[in-house]
Amino acid sequence: MGFVFKQLDIQEVVLIEPDTFRDGRGYFRETYKPSAFAEGGIGATFVQANASRSSRGVLRGLHFQAEPAAVAKLVGVAAGRIFDVAADVRPDSETFGRWVGEELSADDGRMVYVPEGFAHGFVALEDDTVVIYLMTGEYSLQHDAGVRWDDPDIGVEWPAAHPVLSEKDLKLPYLKDIAAAAKEATR
């Protein structure tokens, strides 16, 4: 059993490819092993697990938790397929406003590690898609934050022409507004 860890174009975001053993009954794979992840450069301790089920075209995101309750996520798919996105929302980062995206599916077992300081979102590419994600901290309503899915300063190229979004996600602020608020808070 093993994992391959690949840094994406934004190096802190990591694509994880687990070994999968298939036979006539189906397949078996390990999805998380702290020692293997530490060897792969991910020493995070996950303390909360979440699941969501979505129909094709549902877009969830782009979400993050603000400091001091920022969390990293390990995202995988238990059923169906998604296009998964991580966008850098750290104002002092060289990659601020950039995004990376990967297709993940239950069949391939690939996962994405989304570090603290990144907004995360995905669009379901199939009906009955189930996404499982582990978090390094517990959900905090008072630190719940996000940025618009269609923010032109980020420019995510979503593979869905007319995604279905929640009212909450439709009202998220733009990245420039988040950056301005962060600068104002440090004055």
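For first residues located in the range 28-52 and farther than 26 Å from ASP127 by Cβ, partners that are of a type in the set (S, T, N, Q) and in a strand (DSSP E or B) and lie 6+ apart or on another chain with Cβ distances below 9 Å form the pairs GLY41/GLN7.
Does at least one position in the range 107-118 carry a residue that is modelled with pLDDT of 95 or more, farther than 20 Å from GLN7 by Cα and surrounded by fewer than 19 Cβ atoms within 10 Å (Cβ to Cβ)? So far as the range 107-118 goes, yes, one or more of its residues are modelled with pLDDT of 95 or more, farther than 20 Å from GLN7 by Cα and surrounded by fewer than 19 Cβ atoms within 10 Å (Cβ to Cβ). Here GLU103, GLU17, GLU30 are screened, and the one residue that is open to solvent by less than 70 Å² (accessible area, probe 1.4 Å) and either part of a strand (DSSP E or B) or in contact with a Leu (Cβ under 7 Å, 6 or more places away or on another chain) (or both) is GLU17. Out of VAL47, VAL71, VAL77, VAL58, one residue alone is open to solvent by 60 Å² or more (accessible area, probe 1.4 Å), aliphatic (A, V, I, L, M) and at pLDDT 95 or above. It is VAL47.
Let's see how each residue does on (1) open to solvent by 10 Å² or more (accessible area, probe 1.4 Å); (2) modelled with pLDDT under 95; (3) closer than 13 Å to GLY61 by Cα:
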| site | (1), (2), (3) |
| --- | --- |
| ASP128 | yes, no, no |
| GLU138 | yes, no, no |
| VAL147 | no, no, yes |
| ALA161 | yes, yes, no |
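The values are calculated or read from the model by the stated rules, or taken from the named source; none is laboratory data. If you're wondering where the values come from, they're calculated on a predicted model, not measured in any experiment. No Cβ is skipped: glycine too gets one built from the backbone with ideal geometry, and neighbour counts run over all protein chains shown. Accessible surface areas use protein heavy atoms only, side chains included; no ligands, DNA or RNA. Shrake-Rupley method; radii C 1.70, N 1.55, O 1.52, S 1.80 Å.
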